[in-house]
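Here's the structure we're looking at; comments come further down.
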Amino acid sequence: MRNKEVAAVLYMIADLLDIKGEKFKPNAYRRAARVMEMMEEDIEVLAAGQKLKDISGIGEAITEKTAEYLKTGKVAVLEELRKEIPQGVVEMLDIPGVGPKTAGLVWKELGIMDVEGLKKAVQEHRLLKLKGFGEKKEAKILRGIEFLAEAKKRTPIGIALPLAEEMVALVKGSAPVINMSYAGSLRRMRETVGDLDFLAVSSKREEVVRAFTSMPFVREIVVAGDTKATVILDSGIQADLRVLDEGSWGSGLQYFTGSKDHNVHLRTIAQRQGLKLSEYGVFRGEERIAGATEEDVYRSLGMQYIEPEMREDAGEIEAAQEGRLPRLLTMADVLGDFHVHTSLSDGGDTLEEMIDAARARGYAYVGISDHSMSLKVARGVSVDDLMKRRDEIRNINQTSGDFRILLGTECEILANGDLDYPDEVLRELDYVIASVHSRFNMQIAEMTDRVLAAVNHPYVNILAHPFTGMVQRREPIQLDLERVAEEAAERGTALEINAFPDRLDLSGPQARLAKEKGAKLVIDTDSHSVDHLAFMRFGVGTARRGWLEPDDVVNCWPYERVREFLSR
C-alpha cells in the first residue's frame, strides 16, 4: 500500500506551510497524514472509489491532492512551495531540534538560507536577536548541526547490511568465488558504518573485480586493478574490494574487520612473541604459521577466537588470553519477541498476522504490546479496547498448542513518572513495557527519576528503548544508566535492546554495562509490521557487542521461565 508514501508528502506540505508562516493549514495536512498512515485500508482503493473524502480528518481539498499525487506522482501545491522556499531552508529540518517554525523564522528574519549559514549565525550569537531564543536554544541547535554533520558521513546498519549482503550475492552469482565476505565496522555490527569493505578469494581475480565494478548500482569506478577495486555506489557510499589468496583469507578478514585499536593490540602481542601479524598472515621469520582462518590467527597468538562484534579493544583480548570469553548468544537462542504492535494502535498488520509471522519464525511465544491511550499520535489503545484484546488473546491461546501469546502494553511514562494506565488495568495484563515518547529535554536528574519511577513500578517488567534516541535522527535523552541498571537489577525489571534499526537502543556498550550491574535484558524488534520481525538480527548483533549470553536475555529463556520472571 502507498498510504505512508502519501502521508509523507502531506507531512512535507505541512512543514513547508509552517516555514511560510501559515496558521491553520499545516495542522489540517498533518491530521490527514496521521489518518492515512494509520489506515488499514489501501488508500489507492479508497481514492479510486471516491471514498477517501468520507473519512474523518481528510477533507475534499486533501482528497483532490491525494488523487493528483497517486495519478501523477506530484502535487502542484508542493511544487510551488518548493519554488518559494530555498532548498537549504528545507534541509534545516534535518537538524535535530530545528522544526519548520524555527527554520522559517531564521530565514525570514535573518536571511539564513542553509545549514552552514545557520551554523555561522549560531556561532556569532545572532539568533539571540530573535524572540524566544536564548543561549540554551542556540547551543541545542549547534549540537544538532554537529550531530547531522557526523550522521551524513556514515550509513545506518539497517541500510548498509542488506546492501552488503546483496553485493556479496551479486558477485558470487557472476564470478567464481571461493570465499567472500563484508568486513569492517559492518561485520562488527556497529550502528552506523563508513565505507563498505569486501574481501574475496578466487583463482580468477580479474573476473571477481569485473563482477564487483559492473554491479547495476555502481555510479563510478575509482580503481579497478588485479586484486583491488574501489567504487562509488548510487547512494554515494564508497565500497572497496580486496581479492586475497586462500592462505591469507583468515588473516585478511581479521585485519580488515578491525577495529584499529584491536588490531594494534594484537600486533603488539605478536611482536612480543617474536611474530609478525599482517593482513597476509602470522609469520615467524619468513614462515607463515597461520592465516588461512581467523581461528588459526588467534590460536597462533595463544588466545581464544574472538567474535567480530567484540573486537573493540575493550578487554576482549585479555579475556581471550585467559580463556574466559563469554559464549555469545545467537539468533538460534531467541525464542520470542515482547515488543510487537498491531493495527489496534499504529501497526500495519492485524493481531492474527503478527501471531502467524512470529510462529513462522520458530518462536515459542510472542508478546503483543500496542501503545497506551495517551499516545494519540500512535492511536493509543483505550481501556475498553485493551480489555477486548485481552479476551481475544485468551481465546486464541486455547487453541494455539505449544505456541503462547502474551498480552502486554507499551505504556507511556508520563512526565511525572506515572504510567498511562491505572494499576487495575495493568494487573490484567501478562506484562508491561514502559517507555518515554515525550518531554525529551529534561535534565538528567529529573529524567532519571522519571524513568526510575517506572522501573520500580510493581507492574512494569521491561523498560523499552531507554535512551529514546533515533540513529542519525534524534539525540538520546540524558539518563543515568548506572542508577537505572542497578535499580532494574534489584527490582527485576528488564532493560530492552530495541532491535529496530532506526533505534538500536541500548547500544552494545550500554548493554554490557547493564549486564555488569546485574540487570537482565530483552531484545525486541518494536515491530509495526510482519516484516519488522526480521529486525531481530540487528538486536542480536547489538547484544553480542555487549558480550551478552543467552542467560542474560529474557527472550532466550523457555516459556515457563519467562512466565516466572514476568509474574514477579
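Laboratory data are not the source of any read-out in this text; all were calculated from the coordinates shown. Quick caveat: nothing in here was measured; it's all calculated off a predicted structure. Cβ atoms come from the backbone with ideal geometry, glycine included; neighbour counts cover every protein chain shown.
Tabulated results
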| quantity | calculated |
| --- | --- |
| Whichever lysines have a C-alpha closer than 20 Å to that of Lys517, once near sequence neighbours (fewer than 8 apart) are set aside | none |
| Relative contact order %, the range 433-568, counting alpha carbon pairs below 8 Å whose residues are six or more apart | 21 |
| CD proxy at 222 nm, helix term only [per DSSP H run n ≥ 4: -39500 (n - 2.57); per residue of the chain; nearest 500] | -13000 deg cm²/dmol |
| Listed candidates (1) 0.96; (2) 1.07; (3) 0.99 - label of the one calculated as Rg/Rh (Cα atoms, Kirkwood Rh) | (3) |
| DSSP-defined antiparallel bridges as percent of all bridges, the chain, nearest 5 | 50 |
| Nearest-20 debye value, the chain charge dipole, Cβ charges on Lys, Arg, Asp, Glu | 1320 |
| Relative contact order for the chain, counting Cα pairs under 8 Å that sit 6 or more residues apart, in percent | 9 |
| Fewest-first ranking of Lys23, Lys119, Lys172, using other Cβ atoms within 10 Å as the exposure measure | Lys23, Lys172, Lys119 |
| Approximate spin-label separation Lys25-Ile269, in nm, with each point projected 7 Å along Cα-to-Cβ | 6.5 |
| Between 0 and 90°, nearest 10: helix 444-455 axis offset from the chain longest Cα axis | 90 |
| Given Lys20/Lys136; Lys53/Lys388; Lys137/Lys376; Lys74/Lys131; Lys83/Lys152, the pairs whose alpha carbons are separated by over 32 Å | Lys74/Lys131 |
| Asp114/Val218 FRET efficiency (R0 25 Å; Cβ-Cβ; nearest 0.05) | 0.25 |
| Tilt relative to the chain, helix 25-38 - C-alpha long axis, 0 to 90 degrees, to 10 | 60 |
| Hits among aspartates and glutamates - C-alpha to C-alpha of Lys129 under 16 Å, sequence gap 8 or more where chains match | Glu109, Glu138 |
| Cross-link reach list, lysines versus Lys172, counting only Cα pairs under 20 Å and skipping chain neighbours closer than eight places | Lys204, Lys228 |
| Neighbour-count order for Met470, Met189, fewest beta carbons within 10 angstrom listed first | Met470, Met189 |
| Positive-end residue, the range 274-431 charge dipole about Cα centroid, Cβ charges, pick of Val381, Met310, Gly291 | Gly291 |
| Relative exposure of Asp384, Asp18, Asp346, judged by other C-beta atoms within 10 Å (fewest first) | Asp384, Asp346, Asp18 |
| DSSP beta bridge pairing in the range 360-461, given as percent antiparallel to the nearest 5 | 10 |
| Acute angle (nearest 10 degrees) that the helix 60-72 long axis makes with the longest principal axis of the chain, alpha-carbon atoms | 30 |
